[in-house]
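Worksheet: one structure, shown below.
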Amino acid sequence: MTDSSDEAKQIEKLYEFGERLNEAKDKSQNVKDYEGVIDATKTSLKVKQLAAQLIPRFFKFFPNLSSRALNAHFDLIEEEDLAVRVQAIRGLPLFCKDTKEYISKIVDILGQLLTADEIVERDAVHKALMSVLRQDVKDCLVNAESLTALFKHIWNVEEPSQDDTIRDKVLCFIRDKVFPLKAELLRPQEEMERHITDLIKKSLGDVTGAEFRMFMDFLKSLSIFGEKAPPERLKELIGIIEGQADLDAQFDVSDADHIDRLISCLFMAIPFFVRGAPGSKFLNYLNKHIIPVFDKLPEERKLDLLKALAEISPYTTPQDSRQVLPSVVQLLKKYMPRRKTGEETNFTYVECLLFSFHHLAHKAPNASNSLCGYKIVTGQPSDRLGEDFSEYHKDFTERLSSVEDLTRATIKKLTQGMAEHNKAMAAAKSDEAKDNIKTLKQNTTTGLRTCNNILVMTKPLHLKTPAFIGDKSVNLSWKEAIKP
């Protein structure tokens with residue numbers, strides 16, 4: 001163990017090395033002094049702290065000693081003493097300030113150190129990483145290299161027990177520190193936005209739903225995917241979402257995870273459909289794999305699926321509409337019974353399906369005749385005007401009348417219920433009772449809006465050639481609901 005007098009001598013000697021190195025015009029000639037600094041890493045704690053400051057400061061002047069210097073400094077990072085570790089971490093950015101070839105190595109080490117337990121140590125790692133990422137942001141190659149080294153911790157997972165921890169910490173760092181500073185760090189803008197997009201795409205092989213949403217939210221915020229983005233950029237984003245939804249896989253109705261992922265991706269894709277991105281692959285998958293087994297889907301996901309389908313329907317192409325419309329009509333008939341059956345009607349299902357029907361039929365009017373007897377003349381052979389589909393029309397309108405009768409009866413009950421809620425609210429004494437009544441009123445209000453929407457959408461369908469409503473004619477009651 002080193003006594004205080006020996007430690008004082010070592011510190012004094014280390015200061016001498018540092019002063020001579022600092023004053024030398026050609027520092028590369030002071031090899032012995034720098035070797036003395038390196039050797040000081042094997043002495044007392046206070047000497048190690050000082051050495052941790054001096055090694056990176058003069059590192060660039062001694063390329064022949066680079067391996068020795070780095071190894072000695074890395075040993076300091078593994079010291080048991082917290083103060084030594086923190087000082088060594090703070091010095092890491094200096095190694096690559098003038099020697100760019102060490103950027104990847106330093107970023108890799110700092111990424112591993114994000115798992116530090118001590119707050120002061122973790123804070124030092126954060127600051128050191130940001131210092132490296134901020135170095136030479138105008139140099140596209142250097143900037144790209146530092147980000148690549150950081151992202152490698154996300155896609156290179158060989159030892160799950162340890163690497164998963166590092167991966168999670170790196171993800172949090174990217175989310176909390178890198179993404180908010182994209183305007184500062186991603187320069188030159190277009191090249192670096194393209195680069196980080198490629199890094200993110202490479203990172204999506206094994207992500208959670210929350211991680212995927214985080215990445216997509218960030219990509220949406222980039223200028224290359226902004227309002228003026230060309231169609232191929234939107235198609236690229238949709239392609240990413242399609243890949244996450246696994247639309248090339250055979251659908252298994254018992255795979256709850258795939259169902260959840262599919263519906264989540266559907267809602268994520270809707271804003272891009274609104275902007276003109278193609279939705280054919282999603283719609284074809286729904287039509288071929290999902291709607292045919294709709295009855296077997298988990299009850300809690302059926303409504304989410306119908307909501308997504310309704311939101312997509314105004315932005316479909318005529319060809320996609322023509323393919324999906326028959327499946328929607330079959331579902332609609334299922335939930336619009338021709339006569340009263342005694343079973344409770346799911347009005348929200350009917351609302352979603354009617355909305356989808358209107359928009360799909362508006363895009364593909366020549367398909368309506370053979371499906372439900374509505375003769376819309378488009379001048380195409382697919383109008384099938386010479387065939388008699390009057391029985392289909394009779395069946396469909398009877399179902400409409402039946403659901404309208406049920407809807408009006410429900411509106412009457414809900415209106416009475418609202419009056420009762422108002423009386424109960426006036427008589428309520430406790431905050432808990434008032435909150436319960438507010439919840440009931442909200443549910444009743446939603447039910448009334450649903451029923452009114454249904455009546456709005458069924459009314460034009462009683463005409464022989466209905467004018468299919470536009471996408472702003474109905475304020476669907478579930479529009480304000482939180483999407484999955």
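The values are calculated or read from the model by the stated rules, or taken from the named source; none is laboratory data. Just so it is clear, the model here is predicted, and its values are computed rather than measured. Because the Cβ atoms are built from the backbone with ideal geometry, glycine has one as well, and the counts that use them run over all protein chains shown. We work out accessible area using only protein heavy atoms, side chains counted, and drop any ligands, DNA or RNA first. Shrake-Rupley method; radii C 1.70, N 1.55, O 1.52, S 1.80 Å.
Compute the acute angle (0 to 90°) between the alpha-carbon long axis of helix 231-245 and the principal axis of greatest extent of the alpha-carbon atoms of the chain; round to the nearest 10°.
Helix 231-245 sits roughly 90 degrees off the main axis of the chain.
Which of Tyr392, Leu448, Ser402 sits closest to the plus end of the dipole of the range 349-483, meaning its Cα is farthest towards the positive end, when Lys and Arg get +1 and Asp and Glu get -1 on the C-beta?
Highest projection toward the positive end goes to Leu448.
Taking 22 Å as R0, compute the FRET efficiency from the Cβ-Cβ separation of Glu191 and Arg275 and round it to 0.05.
Given R0 = 22 Å and the Cβ-Cβ separation, E is 0.40.
Find the all-direction average of the projected area of the Cα convex hull for the range 160-211, expressing the result in square nanometres with one decimal place.
4.0
Let me spell out the model: positive unit charges on the Cβ of Lys and Arg, negative unit charges on the Cβ of Asp and Glu, origin at the Cα centre of the chain. What dipole size does that give, in debye rounded to 20?
That gives the chain a dipole magnitude of about 2480 debye.
With the calculation restricted to Cα positions, what are the radius of gyration and Dmax of the range 349-483 in angstrom?
Here Rg and the maximum Cα pair distance are 19.5, 68 Å.
Quickly work out the Ser370-to-Val120 label distance, labels modelled 7 Å from Cα along the C-beta direction, and quote it in nm with one decimal.
About 7.8 nm separates the two model spin labels.
For the chain, take the longest principal axis of its alpha carbons; what is the angle in degrees between that and the long axis of helix 209-221, to the nearest 10 within 0 to 90?
On a 0 to 90 degree scale, this one is about 90.
Starting from the Cα-Cα distance between Asp81 and Asp295, subtract it from 0.36 nm times their residue separation and give me the gain in nm to one decimal.
70.7 nm
Per residue, how big is the convex hull of the chain when only Cα atoms are used? Give it in Å³.
Value for the chain: 212 Å³ per residue.
Roughly how many Å² of Leu45 are accessible to a 1.4 Å probe, to the nearest 10?
80
For the residue pair Ser66 and Leu181, what label-to-label distance in nm results when each label sits 7 Å from Cα along the Cα-to-beta-carbon direction?
Roughly 2.5 nm, to one decimal.
What angle do you read, to the nearest 10 degrees and between 0 and 90, between the alpha-carbon axis of helix 4-23 and the longest principal axis of the chain?
Between helix and principal axis, roughly 80 degrees.
So what are the radius of gyration and Dmax for the Cα set of the range 45-114, in Å?
11.2, 30
Take Leu45, project a point 7 Å from its Cα along the Cβ direction, then tell me which residues of the range 119-156 have their backbone nitrogen under 18 Å from it.
Counting only backbone N, you get 119-122.
If you take the C-alpha gyration tensor of the range 209-285, multiply each eigenvalue by 5 and take the square root, what semi-axes do you get, largest first, in whole Å?
With the √(5λ) rule applied to the range 209-285, the semi-axes are 23, 14, 9 Å.
Which entries of Lys288/Lys340; Lys288/Lys363; Lys296/Lys375; Lys177/Lys281; Lys296/Lys413; Lys340/Lys394 show an alpha-carbon separation above 26 angstrom in the structure shown?
Beyond 26 Å between Cα atoms: Lys288/Lys340; Lys296/Lys375; Lys177/Lys281; Lys296/Lys413.
Spin-label point model (7 Å from Cα, Cβ direction): what's the Asn452 to Gln53 distance in nm?
Going by the 7 Å Cα→Cβ label model, 7.3 nm.
Here are some pairs, Lys105/Lys152; Lys46/Lys105; Lys32/Lys60; which of them have Cα atoms lying more than 18 Å apart in this structure?
Beyond 18 Å between Cα atoms: Lys46/Lys105.
Once you sort the root eigenvalues of the Cα gyration tensor of the range 126-261 as a ≥ b ≥ c, which label holds: rounded (a/c under 1.5), prolate (a/b larger than b/c) or oblate (the other case)?
In terms of gyration-tensor shape, oblate.
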